[in-house]
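Engineer: Let me give you the structure first, and then I'll get to my questions.
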Amino acid sequence: MAEMVEVTESVQEPALSGEELAVAKANLRFALDNCPVDGGLPLEDGCVSSREATEALLGRLEAMGTQGMKAADLAHEEVGLLKAIADYALDGCPIDGGMTLDDGSLVSRGELGALRDKILTFPRVAQE
């Protein structure tokens, strides 16, 4: 007979795998190099993105390495920025073949769309 396992909220919490984290980092680097990130991307709260916020988020994600991350590791503003940059890249940048991962492989529109869909599942709780 199969053993019953209790499911906790932490198990159900959305997370980025190592591969999704790599796509997120590539997306941020691409945005910094090619898209008008500084004051150019509207965020859900009505503000606009800044280059400094994008660089800070990229630094945090790079510090996480390749192990992936939990949604709780990101502040509300960081989740919004990741979504805004993914939206912009999907809608406004010619990304197929234009964005590469650390290993040199290309990021497809499908991978970026899957990342955006995953980001949309993250809890949107403002952190103090």
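Engineer: Can you list the residues, at least 5 places off or on another chain, whose amide H is less than 5 Å from the amide H of Gly40, using H built in the peptide plane?
Structural biologist: Close amide H contacts, sequence-distant or interchain: Ser49.
Engineer: Taking the Cα atoms of the range 15-119 alone, what are Rg (to one decimal) and Dmax (as a whole number) in Å?
Structural biologist: Cα-based Rg and Dmax for the range 15-119 come out at 12.3, 36 Å.
Engineer: Starting from 0.36 nm per residue, how many nanometres of slack lie between Ser105 and Glu44 once their C-alpha separation is accounted for?
Structural biologist: Values: separation 61, 0.36 × 61 = 21.96 nm, distance 3.11 nm.
Length gained, Ser105 through Glu44: 18.9 nm.
Engineer: Taking 0.36 nm per residue of separation and subtracting the Cα-Cα distance, what length does fully extending Leu32 through Ala114 add? Walk me through the numbers before you get to the answer.
Structural biologist: On the way: separation 82, 0.36 × 82 = 29.52 nm, distance 2.07 nm.
Result for the pair: 27.4 nm of gain on full extension.
Engineer: Let me ask another. Between Glu52 and Thr66, with labels modelled 7 Å along Cα→Cβ, what's the label distance in nm to one decimal, could you check?
Structural biologist: 3.4 nm
Engineer: Each residue of the range 108-113 in order: what ³J(HN,Hα) in whole Hz does its phi give by Karplus 6.51 cos²θ - 1.76 cosθ + 1.60, θ = phi - 60°, with x for Gly and Pro?
Structural biologist: Each residue of the range 108-113 in turn: 8, 4, x, 5, 5, x Hz.
FYI, it's all coordinate maths here, none of it is from the lab. Keep in mind the model is a prediction, meaning the values are calculated, not measured. Because the Cβ atoms are built from the backbone with ideal geometry, glycine has one as well, and the counts that use them run over all protein chains shown.
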